[in-house]
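The values are calculated or read from the model by the stated rules, or taken from the named source; none is laboratory data. These figures come from a predicted structure and were not determined experimentally. Positions of Cβ are backbone-derived with ideal geometry, glycine not excepted, and every protein chain shown enters the neighbour counts. Remember, those area values only see protein heavy atoms, side chains included, never the ligands or the DNA or RNA. Shrake-Rupley method; radii C 1.70, N 1.55, O 1.52, S 1.80 Å.
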Amino acid sequence: MLEIRNLHVQIEDKKILNGLNLTVHDGEVAAIMGPNGSGKSTLSYVIAGKDDYEVLDGEILLNGENLLDMEPDARAAAGVFLAFQYPLEIPGVATMTFLKAALNAQRKARGDDELSTPDFMKRVRAGAERLHIPQDMLKRALNVGFSGGEKKRMEILQMALLEPTFCILDETDSGLDIDALKIAADGVNALRDPKRSFLVITHYQRLLNYIVPDTVHVMSSGQVVKSGGKELALELEANGYADYRSQAA
Amino acid sequence: MADLTPNVTPMRTAAENQLLALFPSVKARLPGASAERQQAYDAFAQAGLPHRRVEAWKYTDLRAVLREAAPLADVPSAALLGEVRAKPSPFAGLGPSLVIVDGVFEPSLSDLDALPAGVEALGLAGALGAAQPVANLGEAAVADDAVLALNAAFMTDGVVLRVAAGSKVETPVFVRFVRTGGEPRSTYTRVLVVVGEGASLTLGESREGPAGVAHQDNAVLEIVAGDRATVSHVVLNTEGRGSIDLSTVGVKLGAKCLFNTFALATAPALSRRQIFVHFAGENSKISLNGGALLNGRQHADTTLVVNHAVPHCESRELYKHVLDGESTGVFQGKIIVQPYAQKTDGQMMSQAVLLGDNATMNNKPELEIFADDVVCAHGATCGQLDDDLLFYLRARGLPKPDAEALMLQAFVGQALETIEDESIRGVLESVVEGWLKARM
């Protein structure tokens, strides 16, 4: 279970999050919606541990542990996974090499043995097939020359391999056509599990047709201003964010 | 009228005086004709050690750095040779080695019987002592440079390697420069490689020596390639920390040649690697590459002079520096395109990652283009590891040192990829990995 209590965050003297509260239970898929600039991406980065942000107050507890005391890699080992809105390119590092390094680093941090190469290959191949990722892409440098859709699918593949307990999808739908969106959503849905929860950040309701959330939270001016069931997303799609823009101020 | 011209001859340093005094005392026992040596010595006496006001040495003030010229290395004893014999080459198992110990070619340690067909090797001292002059010696290493002049004056020994025309040599041949002893000594070696028309050769060099001894090495490699020859060359320097490694490579290429070189420097206190390439025939291609991983107060200088004297040749350069601590990297790349060298294609790139707050990178690309139908480009980047990329890797679970190591490995890896021989590349990759691990 993830609990965020009274989170205040600023970047370069600009307040982005203003006392945000949010609880996501095990197995829950929570959607975060909100207008541009409401602090959605900041929230995802702060949970994952990017150090550009200054946390002024509050805590983020994952199963009772305060993530804010941990380095980004320790958070990953504790089960946090952020699927980036803009996955980064790493020239010179083969995708396979990167996946193995990441997986083994997390296993090491958890006290597990490194995976044998055949076991590792088997897992990668199975995951790649589900996400329609061709094998030769795995030999290429990570994300270099990949299309927007390929990058997003690669993020989901990483998520599947690393088996996190708390997954953040930061605008995974941005830049995806409808077919790519379905593939990505299928990949996510296959990972739904009573012990794994998701925070799905999006502007649009469309993604939520494919990844159906249990709860929907509306963010505005750095706070959660309304929470509800999946029907709230449809309401937002119909009425826009106008009703919420002023509430937090 | 009084001569008012100021006397600008600088005062000689201790090292310069030692070098000047050394020559008369040893010249009688240096092999070969003494006239050329005397001429080179005179040129050095005129120029002195290169310093920062000599443009080609702007960032490597050898005159200031070289406080003392170490005495010439002694001929290695039988006991020392035994030690060297027991020490495996970093390229062990990849091909036959020719071994030079403390500047002396040692046939007994060399795999002369295992040389591939078409390859002939002999000691330089013996060749210099013969009645006939050594063909091609001094043909490729031509430059107005005091360090090259010192080598020409003092060269004691080395190897002459000839590859017969048409011989496609598959097995790489290695030259090992092994240093011994605990007191700083200097060596002056020269390796001459003549690759016949249509022949091919992969040449690996390793520089090995004890850690912490301020040995001084002045090595010259000359490569003379006939038409349609292919030469791949790789240098690995793991010589102990403390050494001063001055190395000059002269390359002369006929028509339709391919030449590729890579040098990796991690060890010396100071290294200067100067490469002079002369295109003598059309449609030849070269690829000059290297990497340096430095920390502490290490200093690595790569200086290239590529002379496009004929049309239709192509040159590529890619150099990567990883600079930690207070280390200094220098890249100087000069591409000269002569007036009639049309359709020249030259591209040069130098990239550096500065890890230490007090690390320095000096980039000086120079294009001297006298032809009007050419494509020449150069680029240089200098920066720190990308924070966003670092976060991405850490968010996937890689601890910071591992994430940095992976990024640096990838950074240097792009240059290492230019090494065609996979086994040799593997050896260099593991040296890079070792350096990165030691940093973690």
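Of all residues in the range A:151-182, those satisfying the criterion of being in a loop (DSSP other than H, G, I, E, B), buried (at least 21 other Cβ atoms within 10 Å of the Cβ) and either touching a residue at least 60 places away in the same chain (Cβ under 8 Å) or not aliphatic (A, V, I, L, M) (or both) are A:PRO164, A:GLU171, A:THR172, A:ASP173. Residue count for the range B:27-66 under the criterion of being part of a loop (DSSP other than H, G, I, E, B) and under 14 Å from B:VAL330 (Cβ atoms): the result is 7.
I'd like the full set of residues that are surrounded by fewer than 18 Cβ atoms within 10 Å (Cβ to Cβ) and either of a type in the set (Lys, Arg) or in a loop (DSSP other than H, G, I, E, B) (or both), limited to the range A:204-225.
Correct list: A:TYR204, A:ARG206, A:VAL212, A:ASP214.
Open to solvent by less than 40 Å² (accessible area, probe 1.4 Å), under 30 Å from A:ALA48 (Cα atoms), within 14 Å of chain A (Cβ to nearest Cβ) and assigned to a loop (DSSP other than H, G, I, E, B): does that describe B:GLY397? Spell out the reasoning first.
Values: open to solvent by less than 40 Å² (accessible area, probe 1.4 Å): yes; under 30 Å from A:ALA48 (Cα atoms): yes; within 14 Å of chain A (Cβ to nearest Cβ): yes; assigned to a loop (DSSP other than H, G, I, E, B): yes.
Taking the combined requirement at face value, the residue satisfies it.
Among the strands (runs of 3 or more DSSP E) confined to the range B:151-247, the ones with at least 3 residues that are touching a helix residue (DSSP H, G or I) at 6+ places or on another chain (Cβ under 8 Å) are located at B:157-163, B:186-195, B:216-225. Within the range B:147-162, residues that are β-branched (Val, Ile, Thr) have Cβ atoms under 8 Å from residues that are in a helix (DSSP H, G or I) in these pairs: B:VAL147/B:LEU62; B:THR156/B:ALA125; B:VAL159/B:LEU124; B:VAL160/B:LEU124; B:VAL160/B:ALA127, counting only partners at least 6 apart in sequence or on another chain.
For every residue, the table says whether it meets (1) modelled with pLDDT of 95 or more; (2) under 14 Å from the mean Cα position of the chain (by Cα); (3) under 24 Å from B:ALA153 (Cα atoms).
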| position | (1), (2), (3) |
| --- | --- |
| B:ARG185 | no, no, yes |
| B:GLY226 | yes, no, no |
| B:GLY240 | no, no, no |
| B:ILE244 | no, yes, yes |
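State which residue is most open to solvent (accessible area, probe 1.4 Å) when the search covers only the range B:203-226 and only residues that are of a type outside the set (Val, Ile, Thr) and out of contact with any strand residue (DSSP E or B) (no Cβ under 9 Å at 6 or more places or on another chain).
Step one: filter the range B:203-226 for residues of a type outside the set (Val, Ile, Thr), giving B:203-212, B:214-219, B:221-222, B:225-226.
Going one step further and asking which of them are out of contact with any strand residue (DSSP E or B) (no Cβ under 9 Å at 6 or more places or on another chain), we end up with B:210-212.
Numbers: B:PRO210: 40, B:ALA211: 83, B:GLY212: 63 Å².
By that ranking, first place goes to B:ALA211.
Among the residues of the range B:417-439, how many are β-branched (Val, Ile, Thr) and open to solvent by less than 30 Å² (accessible area, probe 1.4 Å)? Can you show your working first?
Initially, the range B:417-439 is screened for residues β-branched (Val, Ile, Thr), giving B:418-419, B:424, B:427, B:431-432.
If we keep only those that are open to solvent by less than 30 Å² (accessible area, probe 1.4 Å) as well, we get B:419, B:424, B:427, B:432.
Result for the range B:417-439: 4.
Please specify each residue of the range A:226-238 satisfying the condition of being assigned to a helix (DSSP H, G or I) and open to solvent by less than 40 Å² (accessible area, probe 1.4 Å).
Our first condition is that a residue be assigned to a helix (DSSP H, G or I); within the range A:226-238, this holds for A:231-238.
Of everything in the range A:226-238, those that are assigned to a helix (DSSP H, G or I) and open to solvent by less than 40 Å² (accessible area, probe 1.4 Å) turn out to be A:LEU232, A:ALA233, A:LEU236.
For the range A:121-131, indicate whether the set of residues that are more than 9 Å from chain B (Cβ to nearest Cβ) and touching a residue at least 40 places away in the same chain (Cβ under 8 Å) is non-empty.
Yes, that holds for at least one residue.
Scanning the range A:32-41 for residues that are modelled with pLDDT under 95 and more than 14 Å from chain B (Cβ to nearest Cβ) yields A:MET33, A:GLY34, A:PRO35, A:ASN36, A:GLY37, A:SER38, A:GLY39, A:LYS40.
With B:ASN295, B:ASN283, B:ASN307 as the choices, which residue is out of contact with any Lys or Arg (no Cβ under 8 Å at 6 or more places or on another chain) and either farther than 15 Å from B:GLU368 by Cβ or surrounded by fewer than 24 Cβ atoms within 10 Å (Cβ to Cβ) (or both)?
Values: B:ASN295 fails: out of contact with any Lys or Arg (no Cβ under 8 Å at 6 or more places or on another chain); B:ASN283 fails: out of contact with any Lys or Arg (no Cβ under 8 Å at 6 or more places or on another chain).
Answer to the selection: B:ASN307.
In summary, A:ASN21 fulfils each of the numbered conditions (1) touching an Asp or Glu at 6+ places or on another chain (Cβ under 9 Å); (2) closer than 18 Å to A:GLN158 by Cα; (3) modelled with pLDDT of 95 or more with the single exception of condition (2). For A:GLN10, state whether it is within 30 Å of B:ALA410 (Cα to Cα), among the polar types (S, T, N, Q) and surrounded by fewer than 21 Cβ atoms within 10 Å (Cβ to Cβ). The answer is no for A:GLN10. Restricting attention to the range B:341-349, does a residue exist that is without any contact (Cβ under 8 Å) to a residue 40 or more places away in the chain, of a type outside the set (A, V, I, L, M, F, W, C) and surrounded by 21 or more Cβ atoms within 10 Å (Cβ to Cβ)? Checking the range B:341-349: at least one residue is without any contact (Cβ under 8 Å) to a residue 40 or more places away in the chain, of a type outside the set (A, V, I, L, M, F, W, C) and surrounded by 21 or more Cβ atoms within 10 Å (Cβ to Cβ).
Does the range B:173-193 contain any residue that is farther than 21 Å from B:GLU239 by Cα, of a type outside the set (Asp, Glu) and surrounded by 22 or more Cβ atoms within 10 Å (Cβ to Cβ)? Yes, the range B:173-193 contains at least one residue that is farther than 21 Å from B:GLU239 by Cα, of a type outside the set (Asp, Glu) and surrounded by 22 or more Cβ atoms within 10 Å (Cβ to Cβ). Of all the listed residues (A:LEU199, A:LEU236), the sole one being closer than 21 Å to A:ASN36 by Cα and either touching a Phe, Trp or Tyr at 6+ places or on another chain (Cβ under 6 Å) or at pLDDT 95 or above (or both) is A:LEU199.
When B:ALA131 is tested against (1) touching a strand residue (DSSP E or B) at 6+ places or on another chain (Cβ under 9 Å); (2) open to solvent by 60 Å² or more (accessible area, probe 1.4 Å); (3) without any contact (Cβ under 8 Å) to a residue 24 or more places away in the chain, exactly one condition is not met: (1). From the list B:GLN414, B:GLN409, the lone residue that is part of a helix (DSSP H, G or I), open to solvent by 20 Å² or more (accessible area, probe 1.4 Å), facing chain A (nearest Cβ under 10 Å) and touching a residue at least 40 places away in the same chain (Cβ under 8 Å) is B:GLN414. Tell me whether the range B:234-244 contains one or more residues that are surrounded by fewer than 24 Cβ atoms within 10 Å (Cβ to Cβ) and farther than 23 Å from B:VAL104 by Cα. The answer is no; no qualifying residue exists.
Considering the conditions (1) in contact with a Leu (Cβ under 6 Å, 6 or more places away or on another chain); (2) more than 14 Å from every other protein chain (Cβ to nearest Cβ), B:ASP345 is excluded by exactly one of them, (1).
Open to solvent by 20 Å² or more (accessible area, probe 1.4 Å), hydrophobic (A, V, I, L, M, F, W, C), within 8 Å of chain B (Cβ to nearest Cβ) and at negative phi: which single residue out of A:ALA48, A:ALA78, A:ALA94, A:ALA101 fits that description?
A:ALA101
The lone criterion from (1) facing chain A (nearest Cβ under 9 Å); (2) touching a helix residue (DSSP H, G or I) at 6+ places or on another chain (Cβ under 6 Å); (3) surrounded by fewer than 20 Cβ atoms within 10 Å (Cβ to Cβ) left unmet by B:ASP386 is number (2).
The single condition among (1) within 13 Å of another protein chain (Cβ to nearest Cβ); (2) touching a strand residue (DSSP E or B) at 6+ places or on another chain (Cβ under 8 Å); (3) buried (at least 17 other Cβ atoms within 10 Å of the Cβ) that A:VAL144 does not meet is (3).
Look through the range B:318-340, keep the residues that are open to solvent by less than 10 Å² (accessible area, probe 1.4 Å) and touching a Leu at 6+ places or on another chain (Cβ under 6 Å), and return whichever of them is nearest to B:GLU417 (Cα to Cα).
Here is the first cut: in the range B:318-340, the ones open to solvent by less than 10 Å² (accessible area, probe 1.4 Å) are B:319-323, B:327, B:329-333, B:335, B:337.
After this cut, where a residue has to be touching a Leu at 6+ places or on another chain (Cβ under 6 Å) as well, the list is B:322-323, B:327, B:329, B:333, B:335.
On the way: B:VAL322: 17, B:LEU323: 20, B:SER327: 25, B:GLY329: 21, B:GLY333: 20, B:ILE335: 23 Å.
Top of the filtered list is B:VAL322.
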